[in-house]
């Protein structure tokens, strides 16, 4: 139970001691983030947290994110030792996290009492860190056969109350299977045994969590992989009522923090793979396609196939695959085309780079080609040299330490939790195709003689309409992860989005873009609120994948038409600058809005008169569907 | 393992746990002598010592180890 995918950093402690002397606050935060991305044990985790809370006791760190996580932790036993690990796990992802912990055993009062400390704290996420002893143990003399059901009812009412009071995501630990069985292999037949109760509860918890929109922290599964004794030490339970051992705290904190990342759409999106000795054994340029180690002739060859299968499954659930290899391009492709046992095919790879340049430059190129942030790449390479070069040049790229033995590549990549996801939208599953199409479009643009004929040749069509129940997940995803083309960067949960959709004075609009290469899915989201005769544009964002294709103008046409239908006489746009959305600073100006006001921080408001509105001419066919959500 | 070797290794553990680079300990040092050696820090100290020396303390030992001399003696017994 250690952070085995993270590298050890030389002179870690000395570097930590130097952090307070760094005068530039952004650099200081970046260095802390760097030091958090090391294989820390719990003592180091506590040390970095102590510095973190000292440095930022009065003022928050520079805004790597617009809003910090304010996590309320509700517990039935000692969890103080887990809080530093949660804060450091968040730091590892560049997220500032503030925590509040209930006195143990007080968690129900914290929820229900309007004057509680938790209420005053004002959490934007609540974690139920309840322990197995509390939830599964009943009087040893009393036969309680429905303990699991009773506990589940308790959890459901606590979740419901917390959601109602705090309107924020709810996280729930699963339960450690720490009770000794009484029957043995068929323990499940003794319903009153605490061991059987934990097991049943963990099972039922999955469905209940889906029903309530609660996100689980699966410590039952992680502890099963690591070995329960490394998570639960009965001696420490008797001494200090710590159910999760301090030694497991860094991993626990990382499990919680990766949910923060997923909630903010900050999980990694793309897996970039080296080839030689990463996807197969040997060097294809030297050994030839028939000489590489892959498949049935050897156990090692089987291990590489197994890794490829894991990678393919990741791609099927929406992770983009790319290749970055020092090779001649023809040699690099050869196994994909000619080796009968290759699991991965040409069509699985959205961007393929094989040349002799340094890997950091190639990773930059891959991110650019796919139009995704370089901080959404995970790079897997067997060479320690290449890993170090990339870490040095591109600290925002995740580069796991992988063992020499390929049989353990999948388990390490899994343990790192880079691709944590809460929910899958239909578009996640089609992503590889979408990104490949995007690259084909780029090739077409290189061939087209001028922009107009290129756009015309794309045969584009947008379908717009209000948010629908079936698209809420995707809409919330876009709202939470779009950083660049985002005028206000306001983040909303799926529940917020659903509320806007049914509110009579709100305009909600999603735009789906289709073209001759296929369906790009929902690429643009607008939320507006009608106040009098002014429609105030609370949110306007677009996926950068479709930049420069006149979707902006089409959106204006559709928004204007919808606003006029609602009785608006003008649109009011708002721009809130962040470190990432500089590209839309002039957006409203370019669309013909006039500036109303601007403050010192660069926030500006813009007005667009609808009374003599003439739709902009574009190469996009526009279709507006008036389907209103029924709930 | 000799007492001196145990003490020097323990010093590193103590410095890490109490985040105090200049901290020195002797067999006479007890929980009263070190600011912050409360019951919370004590558990951290026990777990860090176990990891550093690759040993496991008995439940009965954990509470009694609030002075360095006793801790070192138990470690010497375990690291034989």
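From its DSSP helices (H runs of at least four residues, each -39,500 (n - 2.57)), chain A gives a residue-normalised ellipticity at 222 nm of -12000 deg cm²/dmol. With the biggest extent put first, the Cα atoms of segment A:339-380 measure 33, 22, 17 Å across the principal axes. Under 12 Å from a label point set 7 Å out along the Cα-to-Cβ vector of residue A:580, the amide N atoms of segment A:518-557 belong to A:544.
Calculated FRET efficiency, residue A:396 and residue A:591, Cβ-Cβ r, R0 45 Å, to nearest 0.05? Step by step, r from the Cβ atoms, then E = 0.90.
Rounded, prolate or oblate: which fits segment A:450-624 when a ≥ b ≥ c are the square roots of the eigenvalues of the alpha-carbon gyration tensor, with rounded for a/c under 1.5 and prolate only if a/b beats b/c? It comes out rounded by the Cα gyration axes.
Comparing Cα centroids, segment A:265-325 and segment B:28-61 end up 46 angstrom apart. Working from label points 7 Å from Cα in the Cα-to-Cβ sense, the residue A:502 to residue B:56 distance is 5.4 nm. Taking every C-alpha pair closer than 8 Å and separated by at least 6 residues, the mean separation divided by the residue count of chain A gives a relative contact order of 10 percent. Projected label points at residue B:78 and residue A:519, each 7 Å from Cα along the beta carbon direction, are separated by 6.1 nanometres.
Here the extension length gained between residue A:120 and residue A:347 equals 76.4 nm, from 0.36 nm per residue of separation less the Cα-Cα distance. Note on residue A:364 and residue A:150: with the Förster distance fixed at 41 Å, the Cβ-Cβ geometry gives a FRET efficiency of about 0.15. The fewest-to-most ranking of A:270, B:79, A:97, A:544 by surrounding Cβ atoms within 10 Å reads B:79, A:544, A:97, A:270. In angstrom, the C-alpha Rg and Dmax of chain B are 11.3, 31.
Of all DSSP beta bridges confined to chain A, the antiparallel ones make up roughly 45%. Measuring r between the beta carbons of residue A:296 and residue B:30 and using R0 = 60 Å, the FRET efficiency lands at 0.40. Take every Cα-Cα pair in segment A:69-263 and report what % of them are more than 24 Å apart. Pairs farther apart than 24 Å: 38 percent.
Assuming a ≥ b ≥ c are the square roots of the Cα gyration tensor eigenvalues, decide whether segment A:286-354 counts as rounded (a/c under 1.5), prolate (otherwise, with a/b larger than b/c) or oblate. The shape class here is oblate. When the alpha carbon coordinates of segment A:207-252 are projected onto the principal axes, the ranges are 37, 21, 16 Å, largest first. Along its first, second and third principal axes, ordered by size, segment A:270-416 spans 39, 33, 29 Å in Cα coordinates.
Based on every Cα atom in segment A:487-565, Rg and the maximum pairwise Cα distance Dmax equal 13.2, 42 Å. For segment A:219-284, the square roots a ≥ b ≥ c of the C-alpha gyration tensor eigenvalues yield an a/c of 1.5 or more together with a/b not exceeding b/c, which makes the shape oblate.
When the alpha carbon gyration tensor of the protein assembly as shown is reduced to an equivalent ellipsoid, its three semi-axes come out at 47, 33, 26 angstrom, largest first. Per residue, the convex hull around the alpha carbon atoms of segment A:468-510 comes to 73 Å³. The orientation-averaged shadow of the Cα convex hull for segment A:1-141, equal to a quarter of the hull surface, comes to 10.6 nm².
Since every read-out is calculated from the coordinates, none of them should be taken as a lab result. Since we're looking at a predicted model, the values are computed, not measured. Don't worry about glycine lacking a Cβ; one is built from the backbone with ideal geometry, like all the others, and counts go over all protein chains shown.
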